[in-house]
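What follows is one structure encoded as structure tokens, with my remarks underneath.
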């Protein structure tokens, strides 16, 4: 592929506190890069649309586009259809993130230079409020992320999955785009089809982003329940089994539930659940001492929330019993090839 035009795609829903900063960090500064910014809004009512409209007046390359289906998968598929015909690169961006200088150019050039169909990037989380800092500490730690390559920082190399950034638009369309019946984990499901088709994914360590996590444990629980639910959907669709780091939250959840129930008969059987609790809380204490942040002591609670919610989401989806076979995603029908 030759680098011509980048279409930056940003799904949004009630992101007024973050979106202006995110867009500002995304805009290419190189005169060699032509671009557009498509903000796919799912019906925000917090002023997000007004902010984007104002930015569009200042920079006509920014466009506000309604996203009736609201999901990120639908947003990317819609963008692939309506993006400027010159665009051969789709750049997926999050409102809850800040991007390093030249992010769009770095990702687009890596897509070209590494002969890959997708570029993914490392992601480090950072908080502002005390609980958000604790959640960030948990997500940055191995206990919270399981050692995922895209959570380790500035590493580069070919991978099977990572935090999505840039796509070869033609390949994205040829594969049918994202599966829109996936509530989450649509990125991993797409990567499964992408690699099965013989394409490669490059993890670009030079484009590490800063991500701002949820601010409360309740919001974190909802997010990770959806993550677990989505991962199970991917496994069912493709007939695959999760990796050990992915099945760990399920084992923890089942073990803790069994320990608590059996503990009513014999208090000694509470040991596994109490041991897990002590492990996580102790991990939070270690992180607090290591980072010299009093807020990080709550990282143990965040890790517990992440594990149990992820495991619950996975089991709920698994027990629904609908074994989805690998197929062209339902959301692909609206994506047409560009010639």
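Each reported figure results from applying straightforward, stated rules to the coordinates on display, with no laboratory input. Not measured: the values here are computed from a predicted model. Here Cβ is always computed from backbone atoms with ideal geometry, including for glycine, and neighbour counts include all displayed protein chains.
Using alpha carbon centroids, what distance separates segment 31-84 and segment 222-257, in Å? Taking the Cα centre of each part, segment 31-84 and segment 222-257 sit 32 Å apart. Taking 0.36 nm per residue of separation and subtracting the current Cα-Cα distance, fully stretching the chain between residue 258 and residue 54 would add 68.0 nm.
If I fit a long axis through the Cα atoms of helix 244-263 and take the longest principal axis of the Cα atoms of the chain, what angle between them do I get, 0 to 90°, rounded to 10? Rounded to the nearest ten degrees, it is 30.
Placing a pseudo-label 7 Å from each Cα along the Cα-to-Cβ vector at residue 96 and residue 130 gives an inter-label distance of 2.2 nm.
For segment 13-56, the share of alpha carbon pairs falling in successive 5 Å distance bins from zero is 5, 21, 31, 21, 12, 6, 3, 0 percent. Counting beta carbons within 10 Å around each of 71, 218, 291 and listing the fewest first gives the order 218, 291, 71. The angle between the Cα long axis of helix 103-113 and the main principal axis of the chain comes to about 80°, on a 0 to 90 degree scale. The distance between label points at residue 46 and residue 241 comes to 4.1 nm (points 7 Å beyond Cα on the Cα→Cβ vector).
Taking the Cα of residue 113, stepping 7 Å toward and past its beta carbon, and measuring to each backbone N in segment 21-48: which are under 18 Å? Once the point is set 7 Å along Cα→Cβ of residue 113, 28-34 turn out to lie under 18 Å by backbone N, inside segment 21-48. In the chain, the longest principal axis of the Cα atoms and the axis of helix 217-238 are about 70 degrees apart. Extending 7 Å from Cα along the Cβ direction at residue 24 and again at residue 84 yields two label points whose distance is 2.3 nm.
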